[in-house]
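The values are calculated or read from the model by the stated rules, or taken from the named source; none is laboratory data. Keep in mind it's a predicted model, so treat the numbers as computed, not measured. Every residue, glycine among them, receives a Cβ derived from its backbone with ideal geometry; neighbour counts consider all protein chains shown. Surface areas here come from the heavy atoms of the whole protein model, side chains and all, with no ligands, DNA or RNA. Shrake-Rupley method; radii C 1.70, N 1.55, O 1.52, S 1.80 Å.
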Amino acid sequence: MQPLQWEYRPDGLRAPALICAFKGWNDAADAASTAITFVGSALGARRFATIDPEDFYDFQATRPRIKLVEGQTRQIVWPEVELYEARIPRAPRDLILLGGSEPSFRWRGFSRLIVDVAEAIGVQLVVTLGALLADVPHTRAVSVTGLASDPALVARLGLATSSYEGPTGIVGILHSACQEAGLPSASLWAAVPHYIAAAPNPKAALALVRKLEGLVGVAVNAADLESAAADYERQVNLAVQSDPDVQAFVERLEQAAGEDPEAEPGPLPSGETIARDLQRFLRQRGEDDPPGPA
């Protein structure tokens, strides 16, 4: 069986851009996967292909799920990568959206497969979305860093160019594969506060959506995501205000971000302690006022 399974082949796409996001290592606080799912929903995207998981996933790490059909029949749902098309007549281009879990095996072959699909349907730009943990306060605007095969893209969007060196995920490998194939590409990364990484972060997802809009020239009605981001920030603020130690920790991050460089905070608990306390607070409130989008 060929890994790429076409449901139909989209044609007549206008200057399409391929947007990719993967759950897992590249997706702190679910920000990247939330962003691409929201864009697909907002634009009425339609699935046209999947990538079979057999050659690319460790099913002990990314397990298939059992689904009940009509409450009786048990069905296996395998992890897969899905491709959607979104046609936007009033925008300068259409979009292809690719999402799924980060594969376990054969990253170079997986990336070549995606590049082959992109070339087959005339993709003119590939954009990868990611989110990383950082020492940033939740009270500030989300920082989005990026890199691009065309430095003019970085300058035009006002991105802070990433200087990261170290381990990478499938997003980094795919970006490199695009460069090797001569396919223009860009990578956007949102910085997520490390002390609330376990809760989905719609504020970071919204920041990725807004940067993506500027990059590809496609507007998205993000009212629901904006509302979710406001609810999220309100809940985290309540958690912070409920504990003086947590509040002091956040204030130190704000000072490091340039709010008040002269202040000298006293001894503070570890980031792990802060994260544990905040997650407990958010779980306790989760049933009544969820922190993320529905």
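Can you tell me the length gained on complete extension of the stretch residue 155 to residue 124, counting 0.36 nm per residue apart and subtracting the Cα distance?
9.2 nm
How many angstrom lie between the Cα centre of segment 114-173 and the Cα centre of segment 39-68?
About 22 Å separates the Cα centre of segment 114-173 from the one of segment 39-68.
Rounded to the nearest 5, what is the percent of antiparallel bridges among the DSSP beta bridges in the chain?
So the antiparallel bridges amount to about 50 percent of the total.
Could you go through segment 224-230 in sequence order and give the Karplus-derived ³J(HN,Hα) for each residue, using 6.51 cos²θ - 1.76 cosθ + 1.60 with θ = phi - 60°, rounded to whole Hz, and x for Gly and Pro?
Values, residue by residue: 5, 5, 4, 5, 4, 5, 5 Hz.
Given a 1.4 angstrom probe, I'd like the percentage of the accessible area of segment 129-192 that is carbon and sulfur, rounded to a whole number.
On segment 129-192, the fraction of accessible area on carbon and sulfur atoms equals 57 percent.
When only alpha-carbon atoms count, how far does the chain stretch along each of its three principal axes, as whole angstroms with the largest first?
Largest to smallest, the principal-axis extents are 60, 55, 37 Å.
Under 20 Å Cα-Cα from residue 23, which lysines qualify once same-chain neighbours fewer than 8 residues away are excluded?
203, 211
Which of the chymotrypsin sites (Phe, Trp or Tyr not before Pro) across segment 85-177 are loop residues per DSSP, with 12 or fewer other Cβ within 10 Å?
Within segment 85-177, the qualifying chymotrypsin sites (Phe, Trp or Tyr not before Pro) (loop, at most 12 other Cβ atoms within 10 Å) are 105, 164.
Kindly express, to the nearest 10 degrees and within the range 0 to 90, the angle between helix 31-42's C-alpha long axis and the longest C-alpha principal axis of the chain.
It works out to around 60 degrees.
Kindly provide the GluC sites (Glu not before Pro) of segment 59-95 that DSSP labels as loop, not H, G, I, E or B, and whose Cβ sees at most 14 other Cβ atoms within 10 Å.
Qualifying residues, ordered by number: 70.
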